[in-house]
Amino acid sequence: MRNGMHTDIERCVRAVRSKDARFDGWFYTAVRTTGIYCRPSCPVVPPKPENMTFLPSAAACQQAGFRACKRCRPDASPGSPEWNRRADLVARAMRLIGDGAVDREGVPGLARLLGYSTRQIERELNAELGAGPLALARAQRARTARLLIETTALPMGDVAFASGFASIRNFNDTVREVFALSPSELRARGTGAQAPAPPTTGTTPGALALRLPFRAPLNPDNLFGHLAATAVPGVEEWRSGAYRRTLRLPHGHGTAALTPAPDHIGCRLTLTDLRDLPVAIARCRRLLDLDADPVAVDDQLRTDPVLAPLVDKAPGRRVPRTVDEAEFAVRAVLGQQVSTAAARTHAARLVTAHGEPVDDPEGGLTHLFPSPEALASLDPGALALPRTRRTTLTTLVGRLADGSLHLGPDSDWQDARAQLLALPGFGPWTVDVIAMRALGDPDAFLPTDLGIRRAAQELGLPSTPAALTARAAAWRPWRAYAVQYLWATDSHPINFLPV
């Protein structure tokens with residue numbers, strides 16, 4: 001809700017008393033008598049309601065002087081699903097903060113990216129989250145520091161550097177203030193049963209093993225199936241039960257290996273620069289849609305008697321997204337009116353010709369997907385595409401390269417749609433698939449998609465785009481998730497977890 005669930009005191013108290021994990025990340029419980037803050041599902045005996053204060057963010061709790069609970073680890077809960085379902089200023093700011101914009105460019109840089117004054121951004125974030133951009137970025141640094149302290153053997157200086165702290169002193173002071181433990185005490189505590197992830201394993205330099213939490217349920221079939229079935233050779237692969245891909249990051253590059261497990265996603269990251277760790281984690285979470293609220297989504301879709309059996313059969317489907325919005329836009333053009341295999345072939349040729357080579361001792365990844373700047377100089381005649389699609393592709397990469405078109409976590413969804421529709425060769429399908437998988441619009445819909453039309457015909461739904469769109473109005477604001485359930489009625493490889 002726009003005003004924040006933390007303002008609904010009765011609902012928050014019920015969630016805390018029932019230890020309802022569905023609300024982890026939606027709000028935080030600060031206990032006045034102990035000076036600590038918890039997630040709603042904290043296993044300890046709930047405090048008396050008169051001793052509870054509900055706050056909208058971990059940063060607000062820390063700014064108010066509360067320390068993180070050592071039992072429930074509120075800083076490790078999934079992020080608020082609000083930032084995935086909205087495209088207003090606050091949601092766009094939160095996505096950028098999660099992507100490390102404040103650490104790299106400061107609050108003035110955040111304001112510049114959003115096109116607002118620093119004062120207005122401060123005011124909006126404080127009004128909704130109880131904390132400004134610096135406090136929110138500080139909370140993210142503390143969360144990253146805890147993760148590295150407890151799950152790796154990195155020296156504390158490297159932990160501070162990787163977490164985004166400007167100095168060892170600031171790192172030490174923040175860890176003590178937020179967790180009421182020194183970094184060394186936090187590491188000693190993390191060696192016990194409370195540790196969220198196993199220590200780093202393997203011999204590859206710079207490799208880190210982490211666990212990414214999510215709200216249950218999560219159905220991995222279409223999520224990993226889609227990523228594996230559409231994987232571009234050299235950039236992505238499915239190997240030993242994990243989806244692996246290369247990452248282009250602010251300070252270097254890396255690889256990610258993501259493995260589905262019943263209660264978390266295993267994440268193995270290899271980075272050339274540890275400063276990119278928070279950004280890599282944020283992009284992996286966004287790729288797998290891990291901050292979604294599947295209960296809210298599925299409850300809404302179940303109200304349609306046609307969708308209800310599909311949801312009940314395999315609840316918790318996520319929308320497979322991307323780690324690079326510009327990359328996905330290029331791939332969407334390459335996938336226009338061709339098969340999945342043909343789209344992969346076209347993309348692989350671009351990668352071989354224009355991608356940046358990388359080393360991958362653990363697998364078969366060979367390149368970063370080429371940047372728009374690298375593709376801007378390509379020879380259209382070298383593309384094995386129809387002439388009109390060559391124009392579409394070269395126009396797109398030219399606009400991305402010169403900055404006149406920006407696709408990123410901070411994009412205003414409607415503005416981006418309008419800009420894309422103005423490009424030659426961009427119709428509703430291309431724009432909506434980019435909105436759904438690159439920009440993260442949870443309500444993007446594909447009524448002209450061949451797989452959707454087949455599913456509609458099989459299920460007795462209207463088959464014409466206009467009539468199907470009208471019927472789908474009842475699925476809003478979650479039509480992108482309805483697309484996943486409709487696609488899953490087919491036997492296409494995108495719907496099955498690879499073996």
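The values are calculated or read from the model by the stated rules, or taken from the named source; none is laboratory data. Quantities reported herein were computed from a predicted structural model and do not represent experimental measurements. A quick note on method: Cβ atoms are made from the backbone with ideal geometry, for glycine too, and the neighbour counts reach across all protein chains shown.
Scanning the range 42-67 for residues that are part of a loop (DSSP other than H, G, I, E, B) and in contact (Cβ under 8 Å) with a residue 40 or more places away in the chain turns up Pro56, Ser57, Ala64. Just one of the numbered conditions (1) modelled with pLDDT under 95; (2) crowded, with 23+ Cβ neighbours inside 10 Å is not true of Thr29: (1). Count of the range 434-454 residues, restricted to those that are surrounded by 21 or more Cβ atoms within 10 Å (Cβ to Cβ) and part of a helix (DSSP H, G or I), is 7.
Scanning the range 38-45 finds one or more residues that are more than 26 Å from Thr144 (Cα to Cα), modelled with pLDDT of 90 or more and outside the structural domain of Thr151 (by TED's automatic domain parsing).
Where strands (runs of 3 or more DSSP E) fall entirely within the range 214-305, none has at least 2 residues that are of a type in the set (A, V, I, L, M) and touching a Pro at 6+ places or on another chain (Cβ under 7 Å).
The condition of being within 20 Å of Gly408 (Cβ to Cβ) and either of a type in the set (Lys, Arg) or in contact with a helix residue (DSSP H, G or I) (Cβ under 7 Å, 6 or more places away or on another chain) (or both) holds for only one of Pro315, Pro320, Pro380, that being Pro320.
May I ask you to list the residues in the range 402-426 that are acidic (Asp, Glu) and either assigned by TED's automatic domain parsing to the domain that holds Asp88 or part of a helix (DSSP H, G or I) (or both)? Selection gives Asp402, Asp415.
For the range 218-234, the set of residues classified as within 19 Å of the chain's Cα centre (by Cα) and of a type outside the set (Asp, Glu) consists of Leu218, Asn219, Pro220, Asn222, Leu223, Phe224, Gly225, His226, Leu227, Ala228, Thr230, Ala231, listed by residue number. Say whether the condition of being surrounded by fewer than 20 Cβ atoms within 10 Å (Cβ to Cβ), of a type outside the set (Phe, Trp, Tyr), over 30 Å from Asp298 (Cβ atoms) and under 27 Å from the mean Cα position of the chain (by Cα) is met by at least one residue in the range 468-488. Within the range 468-488, not a single residue is surrounded by fewer than 20 Cβ atoms within 10 Å (Cβ to Cβ), of a type outside the set (Phe, Trp, Tyr), over 30 Å from Asp298 (Cβ atoms) and under 27 Å from the mean Cα position of the chain (by Cα). In the range 81-93, the condition of being β-branched (Val, Ile, Thr) and over 23 Å from the mean Cα position of the chain (by Cα) is met by no residue.
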